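First the structure, in the form of structure tokens, and then the observations on it.
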Amino acid sequence: MAKTQPTLEDLVEIFIQSTVALETTIKKNIQEQTKIEKNLSNINIKPDLMDVKINQQEYYEKINLQSQNHIQQINESSNHFEKVLQKFNTKNFNYLLILNLFFFLTSGISIYVAIKKSINKHEFLELQKENDELESKILNITSYFKQNPKSLSRYKKWYQQNKENH
């Protein structure tokens, strides 16, 4: 079976029918769109502000109550501080002032004495080096006298003579 191809007239006929159908669909869509536009323009939205006003009033009442509570707490604490201040007189203040001056002076003197008594690092290192050298000399002399006991006895005699002369 061979396929038959549609003729040009058939294709033109199908094209004309599709265009007519498209035009009718477009006209229907335009009509529906205009109806929707009219309906949308007729819609009026009026918000109900009553809930907002009620919420706002409740919020103001809460804030007012909280602020009154805070003011009451502040008044109570200020009364407490007034009582404390009434108990605290100038005599107590003078005692505290004298005590603070005493502590200030003693700490200042302590720092001064500590600085005067301290030695710097360089002097300390020099003394340490000198001490090490003297220790090594003493060890050398000690080992020499251990190896030469006669020299030790001569040294003791010489030391006794020098001690008596001075």
Exercise. Yes or no: S136 surrounded by 11 or more Cβ atoms within 10 Å (Cβ to Cβ), in a helix (DSSP H, G or I) and not charged (D, E, K, R)?
Worked result: no
For this session: Return only the number of the condition from (1) of a type in the set (F, W, Y); (2) assigned by TED's automatic domain parsing to the domain that holds Y155; (3) under 39 Å from the mean Cα position of the chain (by Cα) that F93 does not satisfy.
Result: (2)
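The values are calculated or read from the model by the stated rules, or taken from the named source; none is laboratory data. Since the model is a prediction, treat every value here as computed from it, not as a measurement. We place every Cβ from the backbone using ideal geometry, glycine too, and count neighbours over all the protein chains shown.
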